[in-house]
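Here's the structure we're looking at; comments come further down.
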Amino acid sequence: MDHRSPAQQREVHFSPADRHGLYKAIFNRRDVRGQFKPDPIPEAVLSRILLAAHHAPSVGFMQPWDFVIVTDPEVKRRVHAGFLEAQAREMELFSGDRKELYRTLKLEGIMEAPVNICVTCDRGRTGAIVLGRTNDMAMDLYSSVCAVQNLWLAARAEGLGVGWVSILHRDVLPGVLGIPEPVVPIAYLCMGYVTGFHERPELETARWLPRLPLDDLVHGNTWGNKDAPSCASLKEHLRQDMARARQGTIPDKAEE
Ligand SMILES: Cc1cc2nc3c(=O)[nH]c(=O)nc-3n(C[C@H](O)[C@H](O)[C@H](O)COP(=O)(O)O)c2cc1C
């Protein structure tokens, strides 16, 4: 039983419009690489987006994140040089048609985006023993990833594109940005206003990979039990919602 006064609690239900807005941000978010405009991001907007990131869940409420805001073209150029090196190395790991397709992909917008943000994880933020992290030390890393996702969705709601650049040797960001141990970079993000948002992931359009059928990823009670009777009608919903989402309909208006 909850003994707190109503004033200490938040509303349980979002209005249909609020709910729609959240799903809209989720389904219309894209990884943006090539559509950045140079227009500056107002600080009031950037502040809201960072505040959204800061309200992500974190293991033991550790809040292990920091945000390095990169706007200096020289700093960006050094990160970009690291990207070019890593991209060349990565491309060699593919062969034949895949390699040719890889060559055509635009995989970053470091120089074009007016703001780059490095989200980090301070692995020692609240000491060695962290509530919830004692059995899996990676939980703090996952927490910083939650902050990245909050940032990404808030940016989308503000009409800003974000692109995650992971094609970087792990030494590049600590070196260029001066990130000290035990802080580790989690995400290097390019952010800015855009000329538009693609309807589908660019890797899907380029036929790198398709979106997987969600109903095939759901298991009933134990791994591999994909035909479990307990999930049969849920899977029918998933198939219908996937089909709607594919047609661009946000499936939040269906029955509860
Ligand atoms: C951890 C992570 C790393 C990523 N690294 C890159 C990257 O280096 N370059 C890139 O173009 N996209 C990168 N992406 C974006 C994915 O390619 C993209 O999320 C995926 O293709 C789905 O597209 P969407 O985000 O537009 O839905 C990354 C995404 C994640 C989550």
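Just so you know, all these numbers are worked out from the coordinates, no wet-lab data involved. Just so it is clear, the model here is predicted, and its values are computed rather than measured. Neighbour counts run over all protein chains shown; Cβ positions are idealised from the backbone, glycine included.
Going 7 Å from the Cα of Ala88 along its beta-carbon direction, which residues of segment 155-198 have the amide nitrogen within less than 14 Å of the resulting point? Only 169 pass the distance filter.
Local charge for Ala128 was computed over the other residues whose Cβ lies under 13 Å away, with Lys and Arg +1 and Asp and Glu -1, and equals +1. Checking every one of the trypsin sites (Lys or Arg not before Pro) in segment 143-236 against DSSP loop status and a limit of 15 other Cβ atoms within 10 Å picks out Arg170, Arg207, Arg211, Lys226.
With the largest listed first and rounded to whole Å, the semi-axes of the equivalent ellipsoid of segment 87-231 from the Cα gyration tensor are 27, 27, 18.
Ranked for footprinting exposure by Cβ neighbours inside 10 Å, fewest first, Arg77, Arg133 give Arg77, Arg133. Between Leu173, Val32, Met191, the Cα set farthest toward the positive side of the dipole of the chain (charges on each charged residue's Cβ, about the Cα centre) is that of Val32. Calculated from the alpha-carbon coordinates, segment 212-251 shows an Rg and a Dmax of 10.9, 33 Å respectively. Here the 3J(HN,Hα) profile of segment 174-183, calculated from phi with Karplus coefficients 6.51, -1.76 and 1.60 at θ = phi - 60°, is x, x, 6, 9, x, 7, x, 5, x, 8 Hz, Gly and Pro shown as x.
Sorted from greatest to least, the principal axis extents spanned by the alpha carbons of the chain come out as 53, 51, 39 Å. Over all other residues within a Cβ to Cβ distance under 14 Å of Glu202, the charged ones net out to +3, with Lys and Arg as +1 and Asp and Glu as -1. Only helices enter the 222 nm calculation for the chain: every DSSP H run of n ≥ 4 contributes -39,500 (n - 2.57), and dividing by all residues gives -12000 deg cm²/dmol, rounded to 500. May I ask you to list the lysines whose Cα is less than 26 Å away from that of Lys226, ignoring any residue fewer than eight positions away on the same chain? Output for Lys226: Lys235. Sorted fewest first by neighbouring Cβ atoms within 10 angstrom, Asp216, Asp31 come out as Asp216, Asp31. Most simply put, segment 30-210 has about 95% antiparallel DSSP beta bridges, counting only bridges with both residues inside it. Across segment 212-251, Cα pairs under 8 Å and at least six residues apart give a relative contact order of 34 percent. Counting beta carbons within 10 Å around each of Met242, Met191, Met62 and listing the fewest first gives the order Met242, Met62, Met191.
Extension gain, Ala228-Ala243: 0.36 nm per intervening residue step, less the Cα-Cα distance, totals 3.2 nm. Computed about its Cα centre, the charge dipole of the chain is approximately 280 debye, with only Lys, Arg, Asp and Glu carrying charge at their Cβ.
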